[in-house]
Amino acid sequence: MRKIAVAAVAASLAVSVHSPSAAQTVPALPDPATITVPDLSGSADPAVVSNGWKYFFFRRDGVGFAEAHADFTDCFRFLGANDWSTVKLGRFVPWDSNPGKKGEYMPNPYGLVGSLIGAMIEGTLVRRDLQAKMRRCMEPRGYTRYGVAEEIWEKVTALPRDQSIAVLAKIASGPGFGGKVPVK
């Protein structure tokens, strides 16, 4: 009886895996000619390069748009699901609580001043979290960081996810710009 049950489960899995409805749809690769890249000509400025540890784009010699797009798409899965914001300061869960259990409201133990300080540094934490995850994913693939102006970085990262990936892939596979960020 147990062998029959195992065989039935295996057969149903085989059917569901090979059925066309179970196949995941992969979004079509955008046409690189339709993607607008911001002006990166000011990226060679020494002040921009020295600030490149904060604001940077990746580039790799010899990579095509399709490969760069696939690399960025793969690396973006490590970021937050909805947008670039991956850091949330209110992550504390006491040991005695159960997941899904409705807890009591607990005000910020640091008061109004603590909330204000937290709000001031949260943007920096979000940016650093994003960049650390992208560096850990893109640098082992052979990509190099190039410094860009803060306004340009903000403009590209503010785009919706698919558009941002497309712009970053076009930059990564395009001609060289600016200066490499020195490794510290």
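The values are calculated or read from the model by the stated rules, or taken from the named source; none is laboratory data. Please read these numbers as outputs of a predicted model, since none were measured by experiment. Please note: Cβ atoms are built from the backbone with ideal geometry, for glycine as well, and neighbour counts cover all protein chains shown. With ligands, DNA and RNA removed, areas are computed over all heavy atoms of the protein, side chains included. Shrake-Rupley method; radii C 1.70, N 1.55, O 1.52, S 1.80 Å.
Okay, residues lined up against (1) modelled with pLDDT of 60 or more; (2) open to solvent by less than 30 Å² (accessible area, probe 1.4 Å):
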{"position": "G64", "(1), (2)": "yes, no"}
{"position": "A70", "(1), (2)": "yes, no"}
{"position": "A81", "(1), (2)": "no, no"}
{"position": "V87", "(1), (2)": "no, yes"}
{"position": "V93", "(1), (2)": "no, no"}
{"position": "K102", "(1), (2)": "yes, no"}
Among the residues in segment 8-26, are any at pLDDT 85 or above, open to solvent by less than 50 Å² (accessible area, probe 1.4 Å) and not in a helix (DSSP H, G or I)?
no
Output for Cβ contacts, cut-off 8 Å, separation at least six or different chains, first residue touching a residue at least 24 places away in the same chain (Cβ under 8 Å) in segment 113-138, second part of a helix (DSSP H, G or I) and among the β-branched types (V, I, T), reads L130/T157
Mind listing just one residue for me: the one in segment 156-170 that is over 18 Å from V63 (Cβ atoms) and not hydrophobic (A, V, I, L, M, F, W, C) and, of those, most open to solvent (accessible area, probe 1.4 Å)?
D162
